[in-house]
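We did not get these values from a lab; they are worked out from the coordinates using the rules stated. Note that the structure is a prediction, hence the values are computed from the model and not measured. Cβ coordinates were reconstructed from backbone atoms using ideal geometry, including for glycine residues, and neighbour counts include every protein chain displayed.
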Amino acid sequence: MSQVVKIKVLIVDDHTLIREGIKAMIEKNDTIEIIGSVSSAEESINEVRQNKPDVILMDIIMSGMTGIEATRWIKEFEPEIKVILVTMEVSKEYVSNGIKSGVDGYLPKDVDAPTLLNAITTVHSGGRFFNDAIMKLVFEDFYTHEKLKSSAIKLPNELTKREYEVLGLVAAGKTNKEIAEMLFISIKTVETHKTHILEKLGLRNSAELVKYAIKNNILSIENL
């Protein structure tokens, strides 16, 4: 029988108690190996150079370099390494900066063990993981207030809130599968929304939809 290749995880937090707590939550899982536990973002970069973890559980606010700054460096030089921000700071600013830095997941520190394990396996397999509170912050607050600025954008046909969300993600270059995962809906539902959007805006295809979104200043999520 072949040996199971474990997911190599690095824990980064400046509080020993937090690091030990996270370690206790996941170390009994036989598919995960904790290869390091460090107290600063600078140390995390050294660990990346030396030990190449698969997944990093990264705090944001630490003395010296922040977790977001470290993530930006890691993603530039080691883009295959997955980073999940695990922090008490759940705010639009931190979520936005985290997404811009290339994080693969974002979780509050009061998350339970099954959710944390699910997040690790999801990002390791190439997905992204944002819990319900984060998704609500991004899609309800960001799309409705920051990005779309619906009071200033005059569209010829009124779109629903969900259609606005789908339109923004299509403009960001997301596939139907990615949109379905990010909005927690089926691919078929995404296709239905796109059809309705095209009909309401009098467009023929996704390429025209993207051009329309750019023309009307409906920015992509990368412009957070």
Integer Hz, Karplus 6.51/-1.76/1.60 couplings in order for segment 180-191, x for Gly and Pro: 4, 5, 6, 9, 6, 10, 7, 4, 4, 5, 4, 4
Taking the Cα centre of each part, how many Å lie between segment 57-87 and segment 164-200? 29
Per the 1/(1 + (r/R0)^6) rule, R0 = 30 Å and r from the Cβ atoms of residue 89 and residue 117, FRET efficiency to 0.05 is 0.85
Rounded if a/c is under 1.5, else prolate if a/b is larger than b/c, else oblate: which is segment 1-136, with a ≥ b ≥ c the root eigenvalues of its Cα gyration tensor? rounded
With charges set only on the Cβ (+1 for Lys and Arg, -1 for Asp and Glu), what does the dipole of segment 1-126 come to about its Cα centre, in debye to the nearest 20? 240
Stretched fully, the stretch from residue 49 through residue 24 gains (0.36 nm per residue minus C-alpha distance, one decimal, in nm) 6.5 nm
